[in-house]
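Participant: One structure, pasted below without further comment.
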Amino acid sequence: SFTINTLGGLAANGECKGRDVDPTGQCYLGNDKNLTEDVERREKIIREVLGRIIDDEGSKKPVIDHDESVLKIFMVPEFFMRGPHGAYSTAEMFEGGILLDLADRVRDIVRDPRWSDFLFVFGTVIVARTPDDPRRAWQVENITGHDVVYYNFAPVYKGGPEHNHRYIVAKKYISTVDFLSRTKLPNPADSKLRSYGDIPAPLKALLKSRHTTLIENNTIDIDGLRIGLEICLDHRKGQLWENIQAAEQQDYLVDVQLITSAGMSIEAGPNPVVPGGAVYLSDGGASSAACIRDDNATFDPEKVCRGEVAGRKHVPQGGKGYSPFISMATCIDVEEEKLMKGYYSLFQPQGCANTLKTYGIDVMDEFKVYPPSLEIYPTVELPKNTYETPLPSDSRRAA
């Protein structure tokens, strides 16, 4: 997990100068003068983090399992691409748009054979459009959330060349923390809006032309693994489990469940993984977590990946009959203050120091600036493929 605070800046820390400030004291961060530079800076951050993974592979004592038979999952929190206005425009997703150009560059990055055993979840991208006005939503005066259609989706890529494992997973439910109030972009929660918009037909056609699959049941089949993916509040609402039940395929549990979020926990929603399956969460509150299901009983959403006492952050101690949460293997700080400054908060708790505090070791007061981090979990041996129709290959380990 690339564990970075994506919730925005705080006026109390001096991060909101010249920006609209929410009643909570928060503001959106980024380059509101030049959106092209804004997107390019966020791309540079991803490139820097991936560079740390490459460096680890070439080190004398690597801390990441680089065995080609292990599927490495690189996940970024929700809101990584929220932008300086709280959303980008849907116009940027079509030809000549900065988001479409970014998608092309990301494809080029992950197409390298060195990433063939990686699955990437690049956080989420938030976009908005005003159906009755050609301008960007934050440029239109005196509008409310009812005048805007909002979208929040996660780009998912399998690394390596010569395949079409490219996906978009769209979020369904709007959370009260997804947008800020008293900003130029209306907060849909202030208008009592509860759901994101359906993906419009022109965007569906664009995705199809680019061989990108829109995932509408929260499930992806890749390399012999059935993977479920949810975005934040959708997890609390049980979207993955609901889709499994709606299809009357209760035996269609997933091998791996992935949750990209900003203010969520694994134990807040159902975790419909097979016995021996794994759940991973990357959260924009600068935390991550992982859980292994260790029972062979009929799936019970009140038992799998639950602490004996429900908690949010994020290492509950399972009692008898509960699935265990697993500790990370190691943590690497990404100390790039100049690269992050103005785009992501560096003054809110995050990074390896914050992780150590989660495990009862408090060194937080020794730092003035907190860098984001790569939080690395141990390799998990997944159960053998038991599907009636085997998937194309048989990769049964994940990290």
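Participant: Under 6 Å between Cβ atoms, at least 6 apart or on separate chains: pull out the pairs that start in region 141-167 with a residue that is closer than 16 Å to Ser89 by Cα and end on any residue that is assigned to a strand (DSSP E or B) and of a type in the set (Gly, Ala, Ser).
Facilitator: Val148/Ala128; Tyr150/Ala128; Phe153/Ala170
Participant: Can you pull out every residue in region 133-150 that is touching a helix residue (DSSP H, G or I) at 6+ places or on another chain (Cβ under 9 Å) and buried (at least 20 other Cβ atoms within 10 Å of the Cβ)?
Facilitator: Arg136, Ala137, Gly145, Val148, Tyr150, listed by residue number.
Participant: Tell me the residue from Gly238, Gly285 that is under 30 Å from Tyr28 (Cβ atoms), out of contact with any Phe, Trp or Tyr (no Cβ under 6 Å at 6 or more places or on another chain) and either of a type in the set (D, E, K, R) or surrounded by 23 or more Cβ atoms within 10 Å (Cβ to Cβ) (or both), please.
Facilitator: Gly285
Participant: Do you know which residues across region 241-254 are surrounded by fewer than 24 Cβ atoms within 10 Å (Cβ to Cβ) and either in contact (Cβ under 8 Å) with a residue 40 or more places away in the chain or outside any loop (DSSP other than H, G, I, E, B) (or both)?
Facilitator: Trp241, Glu242, Asn243, Ile244, Gln245, Ala246, Gln250, Leu253
Participant: So which of Arg105, Arg114 is part of a helix (DSSP H, G or I), under 20 Å from the mean Cα position of the chain (by Cα) and surrounded by fewer than 21 Cβ atoms within 10 Å (Cβ to Cβ)?
Facilitator: So the residue among Arg105, Arg114 that is part of a helix (DSSP H, G or I), under 20 Å from the mean Cα position of the chain (by Cα) and surrounded by fewer than 21 Cβ atoms within 10 Å (Cβ to Cβ) is Arg105.
Participant: I want to confirm something. Restricting to region 21-62 and keeping residues that are in a loop (DSSP other than H, G, I, E, B) and β-branched (Val, Ile, Thr), which single residue is surrounded by the fewest Cβ atoms within 10 Å (Cβ to Cβ)?
Facilitator: By that ranking, first place goes to Thr24.
Participant: Which residue, of Gly276, Gly224, is in contact with a Lys or Arg (Cβ under 9 Å, 6 or more places away or on another chain), open to solvent by 10 Å² or more (accessible area, probe 1.4 Å) and at positive phi?
Facilitator: Gly276
Participant: While we're looking at this one, here's another question. Could you tell me how many of the residues in region 151-197 are at positive phi and open to solvent by less than 50 Å² (accessible area, probe 1.4 Å)?
Facilitator: Adding up the residues that qualify gives 1.
Participant: Right, another one. Could you give me the residue pairs with C-beta distances under 7 Å whose first residue belongs to region 270-287 and is of a type in the set (D, E, K, R), whose second residue is assigned to a strand (DSSP E or B) and open to solvent by less than 10 Å² (accessible area, probe 1.4 Å) wherever it lies, and which are 6+ apart or on separate chains?
Facilitator: Hits for this filter: Asp283/Ser261.
Participant: Residue by residue through region 174-219, note down the ones that are touching a Ser or Thr at 6+ places or on another chain (Cβ under 8 Å) and within 27 Å of Gly160 (Cβ to Cβ).
Facilitator: Result: Leu203, Leu207.
The values are calculated or read from the model by the stated rules, or taken from the named source; none is laboratory data. Quick caveat: nothing in here was measured; it's all calculated off a predicted structure. Reconstructed Cβ throughout: ideal geometry from the backbone, glycine too, with neighbour counts over all protein chains shown. Heavy atoms of the whole protein, side chains included, go into the accessibility calculation; ligands, DNA and RNA do not. Shrake-Rupley method; radii C 1.70, N 1.55, O 1.52, S 1.80 Å.
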